[in-house]
Amino acid sequence: MKSRELANRTMTLPGIVLAMETYLADAADTRSRLTDAQAQEEAQTLERLSRLVDYGQVAATGDLAERVRDGAFEASLGTKDIRTYLTQALRIGSTAANRRIGLAAQLLPSTDTAGDLVPPVQPVLATAFRAGDVSADTAKLIATHVNNAHTLATGGIIGPSIPAEIEESLTSFAQQYDRDFVMRTAQRTTHLIDPAGGEASWDEINDKEGIRFGKPRRGLVAFNGFLQTIDYETLMAAISPATNPRQRGSDGSDGRDNENEASDTATGSNEADAVVVPRPHRAQQLLHGLLHAVEVASKTSKLPQNGGLLPQLFVTVTLAELQEGLGSALLPFTGPIPVDLIRKTACDASIIPIVMGAAGEVLDVGHDERIVTPTIRKALIARDKGCTFPECTRVVQWTEAHHITHWANGGETSLANSCLLCSHHHHLIHRSNWAITTINNIAYFIPPPEIDPQRIPLRNHYHDPPTALAA
């Protein structure tokens, strides 16, 4: 009897809090005695616990929302607004309060006017969220994209069954992969079902686009602004060597040019007297001047190279998507964008579109050379899009070409015998028992027996996420 009373008391929230406080008090001493496997298991258990707490907070929010609407706390807090109540009573920010309110509306059952129970709006996601398989942050991401799909379905733009299909697929991905992967998959799916949805209007571009410099203070100049996605990719393709840890000098410097040069160029420009309709305002002129300078510099041999290539903007898109203007293209820094944006800019000489077949194939480039040529490097960028090691997120500018069969062992320098790896995983492959094979011209990594006794080949899907729609 005493043991049951103790168990019941422990299962109350105060009991759980007390148990957690006891665990945390002893964790520092206990953790030092854990094996690597035990330490990982502990971290994973704590992560699942945090997701269960996420659901508990949302469930409590749903209950409190009804009480607040009924005026339960109006006398004490003077409000019948659930967001105001949450921020005051729980001391949380308005962003967290809005997220909990939104998730409660989508993922909790409700009652109709007749008092009958109504299942959650998004039942598949709700089940995974309640089981602790999906965090509140990822659940909010999925719920937003599914809601957008419902809006498109209501407007007759997509079929009525597609929102449920997207919900099921994204929830499944969230149970297997990290939030960033789910986000990129959701973005690519949105671009596929709503090609025009990712474009800003001309009024929005004209209102926001530009770069603005503040006044110098203590030797520093602040600047901020907005630029279009393609312009962002152009800029990042040119300046990314400064962020590449492989490019830093031994003294820790990053090799950036004197930033005052950019400031002098900006403040010394003269506006033309001719009237242009619509005439770019000064902030736009500064931004376009910077982009023009980057474009000119990228065509010279003066800038640092990225993996053997001068800074260039690479766009990866399938031939069918490019021809139809539907779906998405992949950019190194942004990820999926509507393919229609590429169709509008593919004629620009500073942009290199790499068109691929439906199966993602790129024609091989055969050369009997030890060093990967620029032509092969471009093909690798089109195919791999970044480090190919499973779950690595490094973009192409931070990768090196790796011979799957070493050149010294007779391996040819070709697309079929090469893959892109970041510096860390390149070293790992050369000093460990990981093996690489290719399936349909895609690199798959075979773990060492001590990691996976079955040695099941793994592929990195991060740089080429699937859509949440059935093929």
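Things worth noting here:
- Here the helices (runs of 4 or more DSSP H) wholly within region 1-78 that include at least 2 residues being hydrophobic (A, V, I, L, M, F, W, C) and modelled with pLDDT of 85 or more are 13-31, 36-69.
- Look at region 129-144: where a residue is within 8 Å of Tyr55 (Cβ to Cβ) and a partner is in a helix (DSSP H, G or I), sitting 6+ places away or on another chain with Cβ atoms under 6 Å, you get Phe129/Tyr55; Phe129/Leu107; Phe129/Ala139; Arg130/Tyr55; Gly132/Arg48; Gly132/Arg51; Gly132/Leu52; Ala136/Asp54.
- Top-ranked residue of region 31-55 - restricted to ones that are surrounded by 13 or more Cβ atoms within 10 Å (Cβ to Cβ) and of a type outside the set (A, V, I, L, M), ranked as farthest from Leu107 (Cα to Cα): Glu42
- Matching residues in region 79-104 - criterion: being part of a loop (DSSP other than H, G, I, E, B) and either in contact with a Gly (Cβ under 8 Å, 6 or more places away or on another chain) or within 19 Å of Leu125 (Cβ to Cβ) (or both): Lys80
- Where Gly115 falls short, out of the listed (1) of a type outside the set (S, T, N, Q); (2) in contact (Cβ under 8 Å) with a residue 12 or more places away in the chain; (3) on the phi > 0 side of the Ramachandran plot: (2)
- Among residues that are more than 17 Å from Glu66 (Cβ to Cβ), surrounded by 14 or more Cβ atoms within 10 Å (Cβ to Cβ) and of a type in the set (A, V, I, L, M), Ala96 is included.
- When the residues of region 428-471 are filtered to those that are surrounded by fewer than 17 Cβ atoms within 10 Å (Cβ to Cβ) and charged (D, E, K, R), the one that is nearest to His191 (Cα to Cα) is Arg459.
- Selection status of Thr375, at pLDDT 85 or above and within 25 Å of Ile230 (Cβ to Cβ): yes
- In region 155-192, the residues that are under 12 Å from the mean Cα position of the chain (by Cα), part of a helix (DSSP H, G or I) and among the charged types (D, E, K, R): Arg179, Asp180, Arg184, Arg188
- For Thr405, the conditions (1) out of contact with any Asp or Glu (no Cβ under 7 Å at 6 or more places or on another chain); (2) among the hydroxyl-bearing types (Ser, Thr, Tyr); (3) at pLDDT below 85 all hold with the exception of (3).
The values are calculated or read from the model by the stated rules, or taken from the named source; none is laboratory data. Owing to the predicted nature of the structure, the values given are computational and were not obtained by experimental measurement. Positions of Cβ are generated from backbone atoms using ideal geometry, with glycine treated the same way; all protein chains shown enter the neighbour counts.
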